[in-house]
Every structure is written in structure tokens, then in C-alpha cells.
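Single-structure report; data block below.
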Amino acid sequence: MTTATSDQQPTLDTLTSIYDGRATGQYGLTLINQRAHAVQSAYHARAQGLPASLVVAALLHDIGHMVHDLGDHPAALGTDDQHENIGADWLKRYFGPGVTEPIRLHVAAKRYLCTVEPDYFEKLSDDSIESLSLQGGRMTEKEVAAFMQEPYREGAVALRRIDELAKDPNGPMPQFGEFAPEILQTAVLGVAP
Ligand SMILES: [Fe+2]
């Protein structure tokens, strides 16, 4: 079993309190709350045999919605909350780029998949369709070429496919604490406040 060091414990405690608190709200989702979406995402990442960094990225990919003050459904008001950048920047205090960069790119990955896979758009939930146009819609050729140069694009695409899978009210709902081993394995020692 992985045990937290004194440097890692604040990371785990802070994340747990966010997911026990604000993440019990919907924040742009309609079928399940953000905590359920997070643990279901991490469940699928683990089940697919992805590395610990992507299990943690899946678990925390929407934390940007929970650390801003733009209300719980800014897309309905026509605002893109830029949660991918807010979340990735906020998480930098705890994690390296293997966790933060797929999170930063997961919205770009949605736009990319909608562009290069004709049937991907049809698989999107209503929530994802609502936010897509605010996020820029399908990519231009130039944007696709730029995305292909991103070093963390493969993780971001895997994360984005999981994102869409993990909105099932009848799907698996593990406890947030079940992912403590991956959090502790990937938290950057000495960075947590
Ligand atoms: Fe998500």
C-alpha cells in the first residue's frame, strides 16, 4: 500500500476536500454530479490500463470548474469558463506535466476528435455539445496541425474519450479515496503548500 509522506498528505487532503465539497454540484453536467463524473473517469482510465498519471488526470480533469467563481453552469450563460487551463494551472502546484498537460488539452482533444472522426460529434452528450461551440467548435486545418505537434496529445485524446464515457448515472461509482495510490504516486514531492 502506498503511504503519504508529509509533503504529499496536503495534496491528498486538499483534493479530497474539494471532491467532498464543491464537486457534489453539477457544474455543467446534467446526469451526474462532478464527483461521480471524476471517479467514473478514473475508473475507466484504470480499467483501460492507462498509467497512473492518466488515472489522476482523468480523476481531476474537470477540477477547473470547481476552483473558479463563475457559477455552476457558465456555458448556459454563453461563457466558456476555460476550465481546462484553470485546472491545469491550479494543479501545477501538485503535479507534473504528465498529469496537467492532458488536462489542459482535453478540450482541444474534443474539438480535434469532432474534426477528424465524423461520427464523434454524434456520440457527444448534450452537455458537451452545449460547450463545444463556446470552445471554438471544430478545428481548422491549421489547428489540427498544431494539435498534432502537442507532446501530450495522445493522453489528451484518451482522456477525452473517457470523459464522454463517464457520464453514466448507472455506471461504476468508486470512492474518491480509492485513487489515493495514484495521487500519491504522481504528486510532486515538496511542491504541495
Ligand atoms: Fe469531463
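Looking only at residues in region 59-70 that are outside any helix (DSSP H, G or I) and more than 10 Å from the ligand (Cβ to nearest atom), the one that is most open to solvent (accessible area, probe 1.4 Å) is Asp69. Within region 105-126, the set of residues being under 19 Å from the mean Cα position of the chain (by Cα), in a loop (DSSP other than H, G, I, E, B) and surrounded by fewer than 18 Cβ atoms within 10 Å (Cβ to Cβ) comprises Leu124, Ser125. For region 38-65, the tally of residues that are of a type in the set (Ser, Thr, Tyr) and within 17 Å of Arg104 (Cα to Cα) stands at 2. If the condition is being within 12 Å of the chain's Cα centre (by Cα), within 12 Å of the ligand (Cβ to nearest atom) and open to solvent by 10 Å² or more (accessible area, probe 1.4 Å), then region 36-58 contributes no residue at all. The sole residue among Glu150, Glu154 that is over 17 Å from Asp62 (Cα atoms), open to solvent by 20 Å² or more (accessible area, probe 1.4 Å), of a type in the set (D, E, K, R) and under 15 Å from the mean Cα position of the chain (by Cα) is Glu154. Mind listing just one residue for me: the one in region 169-192 that is away from the ligand (no atom under 16 Å from the Cβ) and part of a loop (DSSP other than H, G, I, E, B) and, of those, nearest to Ser128 (Cα to Cα)? Result: Asn170.
Among the residues of region 13-35, those identified as assigned to a helix (DSSP H, G or I), more than 10 Å from the ligand (Cβ to nearest atom) and of a type outside the set (A, V, I, L, M, F, W, C) are Asp13, Thr14, Thr16, Ser17, Tyr19, Asp20, Arg22, Thr24, Arg35. Note on region 136-168: residues that are within 15 Å of the ligand (Cβ to nearest atom) and not aliphatic (A, V, I, L, M) total 7.
Screening Ala145 against (1) open to solvent by 20 Å² or more (accessible area, probe 1.4 Å); (2) hydrophobic (A, V, I, L, M, F, W, C); (3) in contact (Cβ under 8 Å) with a residue 12 or more places away in the chain leaves a single unmet condition, (3).
The values are calculated or read from the model by the stated rules, or taken from the named source; none is laboratory data. Source: prediction; values computed, not measured. All Cβ positions, even for glycine, are placed from backbone atoms using ideal geometry, and neighbour counts span all protein chains on display. Side chains included, ligands, DNA and RNA excluded: accessible areas come from the protein's heavy atoms. Shrake-Rupley method; radii C 1.70, N 1.55, O 1.52, S 1.80 Å.
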